Amino acid sequence: MLNISHISTFYGAIQALDNISLNAEKGEIVTLIGANGAGKTTLLSTLCGNPRAKSGTITFNGQDITALPTNQIVRLGLAHAPEGRRIFPRMTIFENLQMGALVADKKHFAADLEYVFTLFPRLKERIAQKGGTLSGGEQQMLAIGRALMARPQLLLLDEPSLGLAPLIVKKIFHVLKEINQQQGMTILLVEQNAHHALSLAHRGYVLVNGRITLTGTGKELLQSDEVKAAYLEGAA
Amino acid sequence: MNKNFLTFLPPVFLTLLLSLPLLGFFAQENSKDILLLQRWDWVLYATAAVFLANSVLIVLKKYPLPSFAISPPAKNLNALKALLFLGLLALPFLSSRSTIDLATLVLLYICLAWGLNITMGLAGLLDLGYVAFYAIGAYTTAILSHYYGLSFWQCVPLSGLVAAIFALVIGMPILRVQGDYLAIVALGFAEIVRIVATNWQSLTGGPNGMSGMPRPTFFGLEFGRTSSSGLPTFQDFFHIPFNSEHRLIFLFYCILGLAIIIYVVSKRLRCLPLGRAWEAMREDEIACRALGINLPRIKLSAYSIGAGIAGLVGAFFATKQGFVSPESFTFNETAMIVAMVVLGGMGSLWGICIAATFLVLLPELARGLADYRMLLFGLAMILVMRFKPNGLISVRQPTVKMS
């Protein structure tokens, strides 16, 4: 479904991504783990065309999207829940979800809304509340819900566990699993929380300083000494 | 010593320090030369005033006033709106010529501020060159009628259109820059428009301006003493005696109509996906991009719709004044309109309406105070910013009501 081959991205003279190749097949959860500054967010941004890759190609469902404008990439079915949630603080939950559905066909709106509310009943309770007044966990639910409203084929999630209590993280990862199993949604999950992400994912990549150093199934990576040493030491 | 008392000292001391040179000395002209005189008692009064104001504030902090409900129930609010509307309808028959003139001016500024509200209040684009489109609208009316003999009602839509087209053309390059940079570039554009109008003598009459604006007609009926078209004049048609106020009253109703149209359009736009995208863009551009919104297009639409409204208002301004000159379109105008939007509360139509009324009326009402007008103006601004930092009405109404 998604095929990234030999991507390099620069910020000015600084190289952020070095010859990255990664793929995700339909129905898969693929995770990308790495420390701060490894280039995780840059990879997702490059996927969406901002900044652009200097070399390499990205194809989505066989179509080359390397040079497409961001808004067209999203319209192809690639929804992005950006880092730090970035919900619209002064707009209500309902309006936030409406914004997500802007690129989708109107006739699915009611059904999609119902689906998001079954995933996150909390959002339904607070439908008229302003986004900015929600707790961090609720905001993350809203960010994921908003991305789902676009009816994507591929869901890009940038650190959904950022700054959340362990219990909420658990809940959100559980919902991700549900979306994947019920809808067959393909998910590309970028995380620092290696333990959770690798237990959930079918396959994973480890990103270090803009390079992919390790790849394998989620289980394999959880067992690998390198990952254990770098990310799981002392963790549950 | 009381701790509260200490909080007095800095403002009081500052007042003393500032008022020594500002109030302590004053210049007086006599027949021969200008004398520098002193009035230390003023310094004393100012310091005492600040001291008193501070004590009142501290007492209020300890014993707050009972808070009164600021948001009346929706039913009363609608009744209030209806009352206001009826009042405006009846106004021309109850008041003098100068009042009608002033009310027209207030409405004109409300329209302008509502136009800027789309660009700045909803879409969050700080457009410090807004007056450029107002000028383009006014000059379009002047030029089209002067050189091509178009009537007022032909000029109005064209003025709006020309301003919107200018915004599209100018917007394409300048909307690439964000925030403060956009403000500066737009400011530059407004200056260019003003300077071109000043220097293109053969077209715009330069600093002397253009006069002989077209007058609005009532479905073709003219308001003059005699009619230049084949049709009878307004008073002949309705068999009423001639009164030069008729035209003023009609213009007032026209601008009232324009204001209502802008109000309804603004409200409707907010509920459309386009308006929602504007507000989302104001909140977070990055999130918008991630949601597949075509940002340049959304920005351009907000910019040009705001500009189009300014153009329409410009046409009405031209006919109201009967005269356009570059002097009417200085940066001061933009600053005034931006102040209306900011003080009223970004995005709030009623807040902006109140702020615009206030900002236009205050200098007029305070005419008697001559020298202190601007002081009063500044004081009002400070009070609003101190007690309502997000504008008079800062609560954003959701576009979809949920039970």
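Every number here is computed from the coordinates shown, using simple stated rules; none is lab data. On a predicted model such as this, the values are computed, not experimentally measured, just so you know. All Cβ positions, glycine included, derive from the backbone under ideal geometry; neighbour counts span all protein chains shown.
Figures for the structure shown
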quantity	calculated
Cα-centred dipole magnitude for the protein assembly as shown, charges only on beta-carbon of K, R (+1) and D, E (-1), debye, nearest 20	1120
Against the rule of thumb 2.2 N^0.38 Å, how large the Cα Rg of the stretch B:86-387 comes out	1.03
Inter-probe distance in nm under a simple model that places probes 7 Å from Cα toward Cβ, at B:Ile34 and B:Met374	1.5
Top of B:Phe26, B:Phe323, B:Phe133 by mean-square fluctuation, Gaussian network on chain B, Cα under 10 Å	B:Phe26
GNM result for chain B, Cα springs below 10 Å: residue of B:Ser96, B:Ser151, B:Ser211 fluctuating most strongly	B:Ser96
Nearest 10 degrees, 0 to 90: helix B:3-22 Cα axis against chain B principal axis	60
Max mean-square fluctuation residue, GNM over chain B, Cα-Cα springs under 10 Å, options B:Leu392, B:Leu272, B:Leu161	B:Leu272
Least to most buried among B:Phe329, B:Phe219, A:Phe60, B:Phe51 (fewest other Cβ within 10 Å first)	B:Phe219, B:Phe51, A:Phe60, B:Phe329
Cα-derived Rg to Rh of the stretch A:69-136, Kirkwood definition	0.97
Cβ-based exposure ranking for A:Leu113, B:Leu18, B:Leu35, in which fewest neighbours within 10 Å come first	B:Leu35, B:Leu18, A:Leu113
Share antiparallel - DSSP beta bridges, the protein assembly as shown, percent rounded to 5	60
Averaged over A:86-97, number of beta-carbon atoms from partner chains that fall within 10 Å	6
Cα coordinate range in the protein assembly as shown, projected on the principal axes (Å, largest first)	96, 80, 53
Calculated FRET value between B:Gln321 and B:Val177, using beta carbons and R₀ = 25 Å, to 0.05	0.15
Spacing of the two label points (7 Å from each Cα toward its C-beta) at A:Lys54 and A:His108, in nm	3.8
Average other protein chain Cβ within 10 Å of Cβ, residues B:387-396	1
Positive-pole candidate from A:Ile87, A:Thr217, A:Ile168, dipole of chain A, charges at beta carbon	A:Ile87
Exposure proxy order (Cβ contacts within 10 Å, fewest to most) of B:Leu158, B:Leu376	B:Leu376, B:Leu158
Over chain A: Rg over Rh, Cα atoms, Kirkwood Rh	0.95
Radius, Kirkwood style, for the stretch A:10-50 when every pair of distinct Cα atoms is counted (Å)	11.6
Computed log₁₀ I(q)/I(0) - Debye formula, equal Cα scatterers, no solvent, the stretch B:3-62, q 0.14, 0.17, 0.26, 0.29 Å⁻¹	-0.49, -0.62, -0.98, -1.09
Cα centre as origin, Lys/Arg/Asp/Glu Cβ charges: chain B dipole, Debye	1180
Nearest-0.05 FRET efficiency for B:Trp42 and B:Arg386, computed from C-beta distance (R0 25 Å)	0.55
